[in-house]
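This report concerns only the one structure given below.
All of the numbers you see were taken from the coordinates with simple rules; none came from a lab. None of the values given here were measured: they were computed from a predicted structure. Note: ideal-geometry Cβ built from the backbone for every residue, glycine included; neighbour counts use all protein chains shown.
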Amino acid sequence: MSATPVLALRGISKRFGAVQALTDVELEIHPGEVVALVGDNGAGKSTLVKAIAGVGPADEGTVEWDGEPVRIERPHDAQELGIATVYQDLALCDNLDVVGNLFLGNEIKSRTVLNEVEMERRARELLSTLSIRIPSVRVPVASLSGGQRQTVAIARSLLGEPRVVILDEPTAALGVEQTAQVLDLVERLRERELGVLLISHNMADVRAVSDRVAVLRLGRNNGTFTVSETTQEEIVSAITGASDNVVTRRNARTADNARTTEVHK
Amino acid sequence: MTTGTPTDGTPADDTPADDTPVNVSKAPSEAGGSGRPGSGAAEKGAAENGTAAPDASVATVDPRLLVRQKGFAGYLEDLLRRLRTGELGSVPVIVGLLVIGAVFQLQDSAFLSSNNLSDLFVQSAGTGLIAVGIVFVLILGEIDLSVGSVSGMSAAVLAVLNINHGMNEVLAVLLALLTGMAAGAIHGFFFARIGVPAFVVTLAGLLGWNGLMLQILGPSGTINLDDDGLVAHLTNYYFADKAAAMGLATVCVLAFLGFSLLDQRRRKAADVPSRPLSEILLRTVVLAVPAYVAAAVFNSYKGLPLAVVIFLGVVVIGDFVLRRTSYGRQVFAVGGSSEAAGRAGINVPMVRITVYAIAGTMAAVGGLFFASQINAANQSSGAGSLLMNCIAAAVIGGTSLFGGRGKTWSALLGALVIQSINSGMALLGTGSALRDMITGAVLLAAVVIDSVSRRTQKTAGRA
Ligand SMILES: Nc1ncnc2c1ncn2[C@@H]1O[C@H](COP(=O)(O)OP(=O)(O)OP(=O)(O)O)[C@@H](O)[C@H]1O
Ligand SMILES: [Mg+2]
């Protein structure tokens, strides 16, 4: 793992009217590292993702890319940097077919004309590596099942040459086989030295593939843990906030000294 | 279904050339009732795939899918199934045209005469050209109420510059088109950047541009155009040489056949499903029949009308832009989900502004055609039922009011329907009251078909 994080968030804050969705959030993702972002419903995970992806830029704070501060104000900026995002609300165009969605904003052209044949060929190739069964890559995505749509959204994020892939609950709608495929995929991304930010409520999945777990609670950092050195209970108590109570904090301290120290609050 | 399908109409996923049957789409349960002719083949295909290619997961045939039979029978069956599931495409409007033709012909045998048909085509060009712009706007899921006023204003700009100020006519035409484009871009700006609903912006345009036109025309109110000028020729010039019409028909048919075959070869080379040869030939014939009939009709009157050539050219270019360029893909994407389009990095406001600019430009082009028909620009240019006719043409032709679906060919078909009704009613001498009622009823029928087919497509899992 290299020393400079490919993506680092410093002091990100975001407000929606009366809701302070994010407060001073810090996060680092290194190349070849899978970071899981966990937290209860409404903790601010998707808001943070949208801030990184340029869909809903943060009010305050800086984003560093390879150690240099960058501005991400539009989705286009994030794509230019090499950030690919799978959103929780999938963001597909229902009226376009699978190929159209996969290559949207990134079409293959021969001179100025769309090269449908090549796009279709690559789409079939890509989808087959994700073990997805789709009746035809030419059906509108509106007619696909929830899990099929999700796989299309995941496949979409892999098309460019991203350096950081953000997956917001990618396995929420997937079956057993497809979930395993996505987890395999995450590991393959790590092998290719990409940074991965994985959001999931499934602790087993999180522990299976991630190197570090960052916990968000009520829009703030609530600890970063190294997976191999942390028990599931510790992560869960950080998510639920039970770690704020003196007894659990004390127990955790004595039980495992190797635990990461970064607990704010 | 326009979406990303390369050659419109059917999903491109047809039976490939080798022996592996490829599924076409999800089976609506009732369509599977008729004995499921393909299911035996499906299992065979699955077995083959199981032992063969490693990329079998896409090609693996899910036994629940309806599998299309090879060749022509499969094509017909697939067509019928798609009609049943609400994917009506151009079928209702073509049936409508035939019914209208038959009804008027029974009333007055002059209706299907080549004079009348030729005039009908020429007169439909103005409405149809404006409707091409409306198709773009409808695909975006929006509406443009200003096209009538913009068309009148552009005609006025042309007349004033060319006649009153003696400007070179080509330059005046260009400036008139630019005026339309600018008006459209202004609507687009207020809609996309300021966030005013398009309905209201273009309603303001409807009033405002009409006022500006009256201002430009000045006190006289009518400016006659040069009888022998460029604009006069738009609807009055005919290529008298019989070879012109036949040649154009032949070029169109051969180009269609050539591109279809080329596409088929590319698809085979890339190992993606392609259309069977029988289907390509059938499609070519379906295109060739009306093309040559129309050519014969034109030739037995004054020859191939310039207006028809321009109109067809615009429809073909528009179709190319929508289905074969990234820009067209972006228009569909914004119409399908502007949120998803934005997240995909598409500049949504830019797409919206340019689409309105296209609508404004097409309105100006149509305005010149209308001016050409009366050889003048006057205070009633672009007024009356023009706006409604243009929107109706796009919708009657099969472009969805719900956004995200449509093609420029609907402008052609819809404009022909509208003009057929006009022309038939004029022949019968029934006056505008009945005509408007009938046009209204046809529009309602088209919208009903659009809504119902959308619902059926939803339940059939295709929309
Ligand atoms: N567009 C918005 N306008 C107003 N408030 C918002 C908006 N988006 C999110 N919020 C608020 O911000 C907070 C964080 O929401 P967010 O979607 O980031 O949660 P999350 O951690 O992704 O939750 P989940 O696990 O349920 O997906 C919530 O309180 C939510 O109500
Ligand atoms: Mg979320």
**Report entry** Net charge dipole size for chain A [Lys, Arg +1 and Asp, Glu -1 on Cβ; Debye, nearest 20]
**Finding:** 320 debye
Query raised in the report: Projected onto the charge dipole of segment B:209-351 (+1 at Lys/Arg Cβ, -1 at Asp/Glu Cβ, origin at the Cα centre), which of B:G229, B:A245, B:Q330 gives the Cα projection farthest towards the positive end?
Result: B:Q330
Query raised in the report: Can you give the FRET efficiency for B:V95 and A:A173, using 1/(1 + (r/R0)^6), R0 = 35 Å, r = Cβ-Cβ distance, to the nearest 0.05?
Result: 0.25
Report summary line: Hits in segment A:212-244: amide N under 20 Å from the 7 Å Cα→Cβ extension of A:E191, namely A:212
Query raised in the report: Which length gain, in nm to one decimal place, applies between B:Y327 and B:L262 when the Cα-Cα distance is subtracted from 0.36 nm times their residue separation?
Result: 21.1 nm
Query raised in the report: In nm, to one decimal, how far is the B:D226 label point from the A:T226 one, both placed 7 Å along Cα→Cβ?
Result: 8.5 nm
Query raised in the report: Going by the alpha-carbon gyration tensor, a ≥ b ≥ c the square roots of its eigenvalues, is segment B:336-463 rounded (a/c under 1.5) or, if a/c is not under 1.5, prolate (a/b greater than b/c) versus oblate?
Result: oblate
Query raised in the report: Rule-of-thumb check for segment B:196-259: C-alpha Rg over 2.2 N^0.38 Å?
Result: 1.97
Query raised in the report: Under 18 Å from the 7 Å Cα→Cβ point of A:V70, by amide nitrogen: which residues of segment A:198-227?
Result: A:198
Query raised in the report: What do you get for Rg/Rh over segment B:302-407 if you use C-alpha atoms and the Kirkwood form of Rh?
Result: 1.03
Query raised in the report: Among the listed pairs A:K14/A:K50; A:K50/A:K109; A:K109/B:K407, which are separated by more than 19 Å between their Cα atoms?
Result: A:K50/A:K109; A:K109/B:K407
Report task. Could you order peptides A:65-74, B:400-409, B:275-284 by the average number of other Cβ atoms within 10 Å of their residues, highest first? Result -> B:400-409, B:275-284, A:65-74
Query raised in the report: For B:A243 and B:A269, what does the FRET efficiency come to when R0 = 41 Å and r is the distance between their Cβ atoms, rounded to the nearest 0.05?
Result: 0.65
Query - Mean Cα-pair separation over length for segment B:346-463, i.e. relative contact order, pairs under 8 Å, 6 or more apart, % - result: 19 percent
Query raised in the report: Using +1 on the beta carbon of Lys and Arg, -1 on that of Asp and Glu, and nothing else charged, what's the dipole of segment A:93-146 about the Cα centre, debye to 20?
Result: 140 debye
Query raised in the report: If you wrap chain A's Cα atoms in a convex hull and average its projection over all directions, what's the area in nm²?
Result: 14.9 nm²
Query raised in the report: Where in segment B:351-382 does the label zone of B:N164 land, with the point 7 angstrom along Cα→C-beta and an amide N cut-off under 13 Å?
Result: B:377-379
Report task. List every residue whose amide H lies under 5 Å from the amide H of B:L140, counting only residues 5 or more places away in sequence or on a different chain, with H placed 1.01 Å from N in the peptide plane. Result -> B:G404
Query raised in the report: Which length gain, in nm to one decimal place, applies between B:A204 and B:F320 when the Cα-Cα distance is subtracted from 0.36 nm times their residue separation?
Result: 38.6 nm
Query raised in the report: Other chains' Cβ within 10 Å of B:275-282 residues: what's the mean?
Result: 0
Query - Between segment B:311-347 and segment B:395-432, the Cα center-to-center distance that results, in Å - result: 23 Å
Report task. Can you find, among A:L185, A:S13, A:V141, the residue farthest towards the positive end of the dipole of chain A? Put +1 on the C-beta of Lys and Arg, -1 on that of Asp and Glu. Result -> A:V141
Query raised in the report: Points 7 angstrom from Cα along the Cβ direction at A:V236 and A:K109: gap in nanometres?
Result: 5.4 nm
